[in-house]
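First the structure, in the form of structure tokens, and then the observations on it.
The values are calculated or read from the model by the stated rules, or taken from the named source; none is laboratory data. Keep in mind that what you see is a predicted model, and the values were worked out from it rather than measured. Using ideal geometry, Cβ is built from the backbone for each residue, glycine included, and neighbour counts are taken over all protein chains shown.
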Amino acid sequence: MLTEGINLTNFKKVYKYSKVSKILTKILKENNEIIKSLTKNYKYSFKKKDIKKFKKNLNFRIIGMGGSSLGAQAIFNFLKHKIKKKFDFVDNLTPDYIKNKNKNFTNLIISKSGNTIETIINSNLIIKKGDKNIFITEDKNNYLYLFAEKLKADIIHHNNYIGGRYSVLSEVGMLPAELMGLNPNNFKRYNNLIKNKKFTKALISNVGSILYFSRKKKFNSVIINYDEKSDSLLKWYQQLVAESLGKKNKGILPIISNMPKDNHSLMQLYLDGFNNNFFTFFYVNEKNSNKIKNNLILSTHKYLKNKNISEIIFAQKKASENVFKKKNIPFRSFEIKKRNETILGELFTFFILETILLGKCLRLNPYDQPAVELIKKETKKILI
């Protein structure tokens, strides 16, 4: 068990590296804005009174790329049952978003640098007269800051020490959460978690195992996802791992595989193909899932009677884990007991700390993304 709401079954073999524990202790003592953002003591660059005027609005759009959008998207989709408002996410150059011309939105335009080209283009095409606009960007004369001033929009300062993929528990994720009607304080679990020996032990154990796999040339981290509402969460995790660790000819490739659909396409490869993968099973207990119609079940399949979809999916997950065990395929398993801000905050905290710890153990800087900047510069050269 990781916490009261999360059952975590660790990788079968525990590979201990004494330096992992020492590096974790060092990370937790750093004067680090990312670590601070995980705590309730973090000071947001907005106050509740600043956004009070937007709270009655029902239609929101978040315009941003990567971590500027994925964190809020993960929160919305995971906790949709608690949210009474509509949120759309514009996170690619997609012409389909240029519609609803007669409906007014509150737009949240998010970019740390303020110069993200896709966000600039989408803002240009989507924002219309009558919309209300909030810009979250660094406090300097970047494009979006100047554009916000031209529109006389509200500007929230993006902490310039927190990159997009790490920003979910800063203003970037918590301001949207506030507008969704959620309580940001409920996500902040850091102080409780680092005092929990089970949590820190699991963190160290998982990092030790992943380091071992990496040294054995197992670089593919396949996430076997049994919860459709967690897809955005796992895409957030995918970016976090790929962008933080993919440097200096090192890295982990996170691959999201959605079940049970992929049982009928990719599972054959996972079970019987090449041997350079390790796996994470991810399941959420869905209490209100649809029940099977007993009167339409034939006698040959009477074992399906009185079952609901969640029970069937859980059985498929357990069956897959049993087969993985028999074939000695390395995996860990997350079972989420319920959906709320607290449990989602615990997952955010675990994955952020795990990624930073992996980066430090691999002697990488987990906070930058230098190669991506090359594409941005080359794109600008071509357009000029």
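Structure values in brief
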read-out	value
Residue count for region 187-210, restricted to those that are of a type outside the set (Ser, Thr, Tyr) and surrounded by fewer than 18 Cβ atoms within 10 Å (Cβ to Cβ)	7
Test for Asn124: is it assigned by TED's automatic domain parsing to the domain that holds Ile156, in contact with an Asp or Glu (Cβ under 8 Å, 6 or more places away or on another chain) and surrounded by fewer than 13 Cβ atoms within 10 Å (Cβ to Cβ)	no
Residue in region 283-300 that is under 19 Å from the mean Cα position of the chain (by Cα) and closer than 30 Å to Asp368 by Cβ present	no
Candidates Lys261, Lys248 - the one that is without any contact (Cβ under 8 Å) to a residue 12 or more places away in the chain and either out of contact with any Ser or Thr (no Cβ under 7 Å at 6 or more places or on another chain) or farther than 22 Å from Val207 by Cβ (or both)	Lys261
Out of Phe348, Phe334, sole residue that is of a type in the set (A, V, I, L, M, F, W, C) and touching a strand residue (DSSP E or B) at 6+ places or on another chain (Cβ under 6 Å)	Phe334
Helices (runs of 4 or more DSSP H) completely within region 102-185 that count 3 or more residues being in contact with a strand residue (DSSP E or B) (Cβ under 7 Å, 6 or more places away or on another chain) and hydrophobic (A, V, I, L, M, F, W, C)	143-151, 171-179
Selected residue [surrounded by 12 or more Cβ atoms within 10 Å (Cβ to Cβ) and either closer than 16 Å to Phe350 by Cα or free of Cβ contacts under 8 Å to residues at least 40 places away in the same chain (or both)] from Phe89, Phe76, Phe46	Phe89
Complete set of residues in region 271-291 that are over 15 Å from Ile6 (Cα atoms) and of a type in the set (Asp, Glu)	Asp272
Residue list for region 328-384, filter: charged (D, E, K, R), surrounded by 12 or more Cβ atoms within 10 Å (Cβ to Cβ) and in a helix (DSSP H, G or I)	Glu341, Glu346, Glu354, Lys360, Lys376
When residues of region 23-43 are limited to those that are out of contact with any helix residue (DSSP H, G or I) (no Cβ under 8 Å at 6 or more places or on another chain) and within 20 Å of Val168 (Cα to Cα), the one surrounded by the fewest Cβ atoms within 10 Å (Cβ to Cβ)	Asn31
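Here is a yes/no grid of residues against (1) more than 18 Å from Asn225 (Cα to Cα); (2) modelled with pLDDT under 90; (3) surrounded by fewer than 19 Cβ atoms within 10 Å (Cβ to Cβ):
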position	(1), (2), (3)
Thr280	no, no, no
Tyr283	no, no, no
Ser299	yes, yes, yes
Ala315	no, no, yes
Lys318	no, no, yes
